[in-house]
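Asks: This is the structure I want to talk about, given as structure tokens.
The values are calculated or read from the model by the stated rules, or taken from the named source; none is laboratory data. The structure presented is a predicted model; accordingly, all values stated were derived computationally and were not measured. Every residue, glycine among them, receives a Cβ derived from its backbone with ideal geometry; neighbour counts consider all protein chains shown. Side chains included, ligands, DNA and RNA excluded: accessible areas come from the protein's heavy atoms. Shrake-Rupley method; radii C 1.70, N 1.55, O 1.52, S 1.80 Å.
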Amino acid sequence: MEEDLFQLRQLPVVKFRRTGESSRSDEDGMSGEHEVHIEGVRTELEPVELEDGAAVPKEFANPTDDTFLVEDAVEAIGFGKFQWKLSVITGLAWANAMEMMILSILAPQLHCEWRLPSWQVALLTSVVFVGMMSSSTLWGNISDQYGRKTGLKISVLWTLYYGILSGFAPVYSWILVLRGLVGFGIGGVPQSVTLYAEFLPMKARAKCILLIEVFWALGTVFEVLLAVLVMPTLGWRWLLILSALPLLLFAGLCFWLPESARYDVLSGNQDKALATLKRIATDNGAPMPLGKLVVSRQEDRGKMRDLFTPHFRWTTLLLWFIWFSNAFSYYGLVLLTTEFFQAGDVCSISSRRQEVKAKCSLTCEYLTEEDYTDLLWTTLSEFPGVLVTLWIIDRIGRKKTMALSFLVFSFCSLLLFLCVGRNVLTVLLFIARAFISGGFQAAYVYTPEVYPTATRALGLGTCSGMARVGALITPFIAQVMLESSVYLTLVVYSGCCLLAALASCFLPIETKGRGLQESSHREWGQEMVGRGSHSPG
């Protein structure tokens with residue numbers, strides 16, 4: 001009998017009493033109360049379900065009365081008031097899209113005002129991406145080593161300072177350096193997604209990450225509207241200064257941001273992580289799991305070699321190309337939009353370029369009110385892009401969503417070969433931008449999900465760095481190569497996206513329905529699949 005009881009204690013069994021308490025004792029082992037096995041974060045746990053088929057009460061979120069993981073607490077507390085506030089604050093950081101959208105407005109303005117040749121205009125755009133490329137991995141490493149909140153706050157304040165300062169640049173060389181420093185700071189802003197994702201329960205994660213992408217879309221729309229109001233009267237300097245407003249708001253509110261509980265536990269600060277989880281539970285009006293907060297294993301954090309272990313090597317390489325293609329195509333389309341609108345249609349752009357070159361290599365045209373209107377319409381495509389991605393990402397999965405986005409963009413690029421009028425051109429650019437922005441958003445959902453906590457920020461940082469390589473190259477395609485051949489330019493973008501669609505299909509891991517992986521020493525499938533999820537298989 002004693003031997004039987006000893007074996008019983010080794011089983012991951014929880015007794016659920018109708019009084020709202022749970023225990024695991026010898027007496028319960030001999031009682032007739034309901035026994036359940038829990039499928040949790042650890043491999044020995046089974047699905048949480050009462051024998052009579054009733055769902056497990058929210059109060060019994062942890063596998064046993066003894067211990068629970070951060071994942072258990074996040075799932076038990078759920079989505080509530082805390083996550084709504086976090087959405088707004090991290091969204092303000094994400095509204096740095098204004099600093100990116102301004103590139104397509106600033107370039108033609110300085111081209112005319114300072115009489116810049118086309119290669120200097122392209123360099124002004126590329127230097128921002130050089131800064132982002134050189135800093136993305138650094139910010140990821142800082143976030144893994146010193147905390148997500150620390151890395152995000154420093155990068156946003158850096159961007160804010162140099163963004164305002166660039167409005168006072170007296171000459172081309174000054175604005176070139178200052179915009180490069182702005183790009184260096186923007187390289188750390190994607191870490192807001194890492195911080196945000198680590199506070200989200202599994203069922204809400206994809207939808208919430210996509211919804212903060214709405215702030216990116218709002219930032220681009222607000223930038224165009226701001227340009228319409230500011231450029232004719234105050235000029236581009238005030239546009240640069242006013243574009244830093246969302247980051248200024250973030251700087252005022254960032255004191256509220258907590259550090260990621262997942263990061264605190266992994267770095268050995270269980271008490272701080274527990275305090276954060278209690279704060280979230282209080283805000284959401286939800287109960288905390290019973291027991292002691294633990295971590296499965298202490299690990300080194302922010303090590304580049306962990307991205308190239310046999311389990312993640314192929315994923316890392318494919319993701320790098322996918323992120324490269326996303327940024328290359330997205331920012332290329334943003335720059336091409338102003339070029340196409342100034343020409344009127346695709347077919348006349350080559351002849352127009354030849355006429356301009358025959359007159360003077362420095363001849364330029366300011367953006368007109370009609371150009372701003374059409375630019376606004378294509379920018380509004382970010383919103384349906386979010387909605388389409390939101391609708392399909394949990395139905396067909398992350399990989400297929402990215403592949404579909406690349407295929408639609410490639411198809412629309414090929415349709416631009418036809419001599420379409422301005423209205424059809426606007427529709428095609430609208431659809432292409434909606435889907436390529438949707439693919440970018442799907443990548444932001446997939447990447448934090450596929451990497452474990454110890455390397456999540458670094459993984460996202462290196463992917464963001466590769467995206468900036470694509471963004472660095474794209475001005476020379478969209479602005480310089482376009483002068484030689486508009487069709488060759490479109491073939492480059494279309495071909496790149498076709499290859500990216502294939503890369504998305506070949507990703508070895510689908511993260512749909514998975515919990516965030518805590519340890520890099522666990523195989524996929526050993527982490528929590530999500531409490532309350534009873535889907536077959």
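Asks: Which of the peptides 393-403, 162-172 is most tightly packed, and how do the rest follow, judged by the mean count of other Cβ atoms within 10 Å per residue?
Replies: For the peptides 393-403, 162-172, the packing ranking is 393-403, 162-172.
Asks: In terms of solvent-accessible area of protein heavy atoms at a 1.4 angstrom probe, what is the ranking of 305, 422, highest value first?
Replies: Reading off the accessible areas and sorting them downward yields 305, 422.
Asks: On to the next question. Could you pull the Cα extents of segment 67-294 along its three principal axes, largest to smallest, in whole Å?
Replies: Sorted from largest, the Cα extents of segment 67-294 read 68, 31, 26 Å.
Asks: Take each of the peptides 227-235, 462-470, 72-80, average the number of other beta-carbon atoms within 10 Å over its residues, and list them starting from the highest.
Replies: Values: 227-235: 14.8, 462-470: 25.0, 72-80: 22.7.
Most protected by this proxy first, the peptides run 462-470, 72-80, 227-235.
Asks: Moving on. From the backbone phi of segment 481-492, what are the Karplus-calculated ³J(HN,Hα) couplings (6.51 cos²θ - 1.76 cosθ + 1.60, θ = phi - 60°) in whole Hz, Gly and Pro given as x?
Replies: For segment 481-492, the Karplus-derived couplings read 4, 4, 5, 8, 7, 5, 6, 4, 4, 5, 5, 4 Hz, x marking Gly and Pro.
Asks: What is the set of long-range amide H partners of residue 293 at a cut-off below 5 Å, with H atoms built 1.01 Å from backbone N?
Replies: Counting only residues 5 or more places away or on other chains, the set is 68.
Asks: Given 0.36 nm per residue, what is the gain on full extension from residue 373 to residue 282 after removing their alpha carbon distance, in nm?
Replies: 28.1 nm
Asks: Which order do peptides 321-328, 212-219 fall in by mean Cβ count within 10 Å, highest first?
Replies: Averaged packing, sorted descending, gives the order 321-328, 212-219.
Asks: Evaluate E = 1/(1 + (r/R0)^6) for residue 238 and residue 88, where r is the Cβ-Cβ distance and R0 equals 25 Å; express this FRET efficiency to the nearest 0.05.
Replies: Working from the Cβ atoms, E equals 0.45.
Asks: Quick one: Karplus J couplings for segment 373-387, per residue in order, coefficients 6.51, -1.76, 1.60, θ = phi - 60°, nearest Hz, x for Gly and Pro?
Replies: 5, 5, 4, 5, 5, 5, 5, 5, 5, 4, 5, x, x, 5, 5
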